[in-house]
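A.B. asks: Structure in structure tokens, see below.
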There are 2 protein chains.
Amino acid sequence: MSPRNNQPTSGDRSARVFAALGDDTRLRIITHMCSMGPASIVSLTQGSGVTRQAVTKHLRILEGAGLVRTTRVGRETSWQLLPEGLGAARASLDRISAQWDNALHRLKTFIEDQPT
Amino acid sequence: MSPRNNQPTSGDRSARVFAALGDDTRLRIITHMCSMGPASIVSLTQGSGVTRQAVTKHLRILEGAGLVRTTRVGRETSWQLLPEGLGAARASLDRISAQWDNALHRLKTFIEDQPT
DNA sequence: CTAATATGCAACCTTAAGGTTGCGCATCAG
DNA sequence: CTGATGCGCAACCTTAAGGTTGCATATTAG
């Protein structure tokens with residue numbers, strides 16, 4: 001099954017980023033960080049509708065996907081977005097779109113080459 | 001949970017698209033459709049490493065996210081990508097990025113306004 | 001020192017995701 | 001008609017995702 005044609009940066013990492021974005025609570029956390037800047041866990045928990053522990057788990061997942069970063073200051077942990085992570089996801093989408101357009105073009109050419 | 005406080009165009013749909021993209025097998029299916037054009041389930045199963053049924057489930061998920069579409073021809077079902085779905089995901093990423101840049105700018109302004 | 005604050009860690013629960021197998025049903029080739 | 005092919009449906013299994021509760025640990029406030 002496609003032994004060597006998959007780039008290491010392809011599915012594995014992209015899937016992780018997309019999976020990290022694929023949760024409503026996490027998207028809300030990201031939105032919160034967008035509008036409020038770097039925030040602590042308690043701050044992110046407010047209005048999330050879930051427990052602090054749940055928020056912590058989500059943040060760990062986002063961290064694992066390279067979307068956020070932590071900075072410990074005293075007893076507080078400041079979580080902030082890493083826009084590079086979003087860029088990687090967007091690049092992946094662009095690559096898929098490009099391949100798709102390419103496939104469309106080839107399909108069109110193929111059809112036009114048919115004798116009828 | 002969170003019965004009515006979520007905007008309809010915000011997290012709900014975006015999360016679904018991202019979640020659909022957040023699986024390695026599904027990304028491989030998408031890649032296959034990109035390079036081979038519309039394909040049947042058996043065709044997509046080849047080289048996927050999983051059963052036909054598993055592929056079917058993944059296709060249903062992609063369909064639920066508005067990423068693929070089916071066209072039944074005789075006994076064969078042709079699955080094809082819907083680039084609009086990808087566009088929606090990209091728009092969501094762009095929106096987040098924009099908000100993030102905005103937050104960065106406000107943070108910078110705030111810091112520069114400090115007396116020291 | 002004593003409390004209150006901000007997290008971390010771990011156990012536990014519930015449910016859904018990803019996969020498989022088995023069977024049934026159309027549809028096309030011969 | 002008879003098979004082979006392409007799919008759908010349903011039951012079932014295993015594991016991880018999302019959440020909660022409870023307790024432990026630093027750190028700061030008073």
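The values are calculated or read from the model by the stated rules, or taken from the named source; none is laboratory data. As the structure is a computational prediction, the values presented were derived from the model and not from experiment. Cβ atoms come from the backbone with ideal geometry, glycine included; neighbour counts cover every protein chain shown.
A.B. asks: Kindly provide the set of residues from the stretch B:37-55 that are under 16 Å from B:Leu82 (Cβ atoms) and away from DNA strand D (no atom under 13 Å from the Cβ), ordered by number.
C.D. replies: Initial filter on the stretch B:37-55 (under 16 Å from B:Leu82 (Cβ atoms)): B:37-39, B:44.
B:Gly37, the sole residue that qualifies.
A.B. asks: Tell me which residues, restricted to the stretch A:79-105, are surrounded by fewer than 16 Cβ atoms within 10 Å (Cβ to Cβ) and polar (S, T, N, Q).
C.D. replies: Result: A:Asn102, single match.
A.B. asks: Inside the stretch A:52-86, can you point out the residues that are under 15 Å from the mean Cα position of the chain (by Cα), in a helix (DSSP H, G or I) and at pLDDT 95 or above?
C.D. replies: A:His58, A:Leu59, A:Arg60, A:Ile61, A:Leu62, A:Glu63, A:Gly64
A.B. asks: Sticking with this structure for a sec: Which one of these is in a loop (DSSP other than H, G, I, E, B), away from DNA strand C (no atom under 13 Å from the Cβ) and either surrounded by 14 or more Cβ atoms within 10 Å (Cβ to Cβ) or at pLDDT below 90 (or both): B:Thr109, B:Thr116, B:Thr31?
C.D. replies: B:Thr116
A.B. asks: Residues being touching a residue at least 12 places away in the same chain (Cβ under 8 Å) and more than 13 Å from chain B (Cβ to nearest Cβ): count how many of those fall in the stretch A:24-52.
C.D. replies: 3
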